[in-house]
Amino acid sequence: MDGLESLGEKMSRRSKEIDRNVNKLVKEVALTVHQTVVVATPIDEGHAKSNWRLALGSPLPGTITAYSPNGGAVTNEIAAIEQARGAVRGRKLGQPVSIGNNLPYIGKLNSGSSRQAPEMFVRMALLSGIVKVAKARIVRC
């Protein structure tokens, strides 16, 4: 019986390890995608960069004013990225993470209306997350 109890304990520890690693990976992927899309977003007054918001559970409603109006690109990026880090910190296993931008013109920006950003920069950000998942190791061997 001792062998089965030992196996059960090992399986329980491994299960907890997998849960921790999955939760960590979800957080890392969310922050990677968020940071990539924020940095790639073109800036005029800072509204588009500032409105990339990460939330646990449901997406955040509405829009916010720019963190640093009148073109403070670095300030807008840092503030948006810090908001995401703070939001994802409390994520619990299985809790959805959403990244969104509710500005009415974000689709036009993503379609290439600005010379500052490549067309489909949102897709490129998502691909950065997919690459991170593909390279991930959930279980140590």
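Can you compute the modelled spin-label distance between Ser6 and Asn102, with each label point 7 Å from Cα toward Cβ, in nm?
Result for the modelled spin labels: 5.7 nm.
Each label point is 7 Å from the Cα along the Cα-to-Cβ direction; what then is the distance between the points at Lys132 and Glu119, in nm?
Once both label points are built, they end up 2.7 nm from each other.
Taking H as built 1.01 Å from N, whose amide H comes closer than 5 Å to the amide H of Ile64, not counting residues under 5 places away?
The answer is none.
So if we plug the beta-carbon distance of Arg140 and Val74 into 1/(1 + (r/R0)^6) with R0 = 35 Å, what FRET efficiency do we get, rounded to 0.05? Mind dumping the intermediate values first?
Working: r = 38 Å, r/R0 = 1.09.
Efficiency, rounded to the nearest 0.05: 0.35.
Calculate, in nm to one decimal, what Val39 and Thr65 gain on full extension: separation in residues at 0.36 nm each, minus their alpha carbon distance. Walk me through the numbers before you get to the answer.
Working: separation 26, 0.36 × 26 = 9.36 nm, distance 1.75 nm.
Residue separation times 0.36 nm, minus the Cα-Cα distance, leaves 7.6 nm.
Past 18 Å, Cα to Cα: identify those pairs from Lys92/Lys132; Lys16/Lys92; Lys24/Lys135; Lys24/Lys132; Lys10/Lys135, in the order given. Mind showing how you got there, number by number?
Numbers: Lys92/Lys132 20 Å; Lys16/Lys92 13 Å; Lys24/Lys135 14 Å; Lys24/Lys132 12 Å; Lys10/Lys135 25 Å.
Correct reply: Lys92/Lys132; Lys10/Lys135.
Take peptides 27-36, 79-88 and line them up by average Cβ neighbours within 10 Å, highest first, as a rough protection proxy.
27-36, 79-88
Report the residues of the range 99-141 in range of a label on Asn21: point 7 Å along Cα→C-beta, backbone N strictly under 15 Å from it.
Once the point is set 7 Å along Cα→Cβ of Asn21, 133-141 turn out to lie under 15 Å by backbone N, inside the range 99-141.
Each reported figure results from applying straightforward, stated rules to the coordinates on display, with no laboratory input. Just so we're clear, the structure is a prediction, and the values are computed from it rather than from any experiment. Neighbour counts are summed over all protein chains in view; Cβ atoms, including those assigned to glycine, are modelled from backbone coordinates with ideal geometry.
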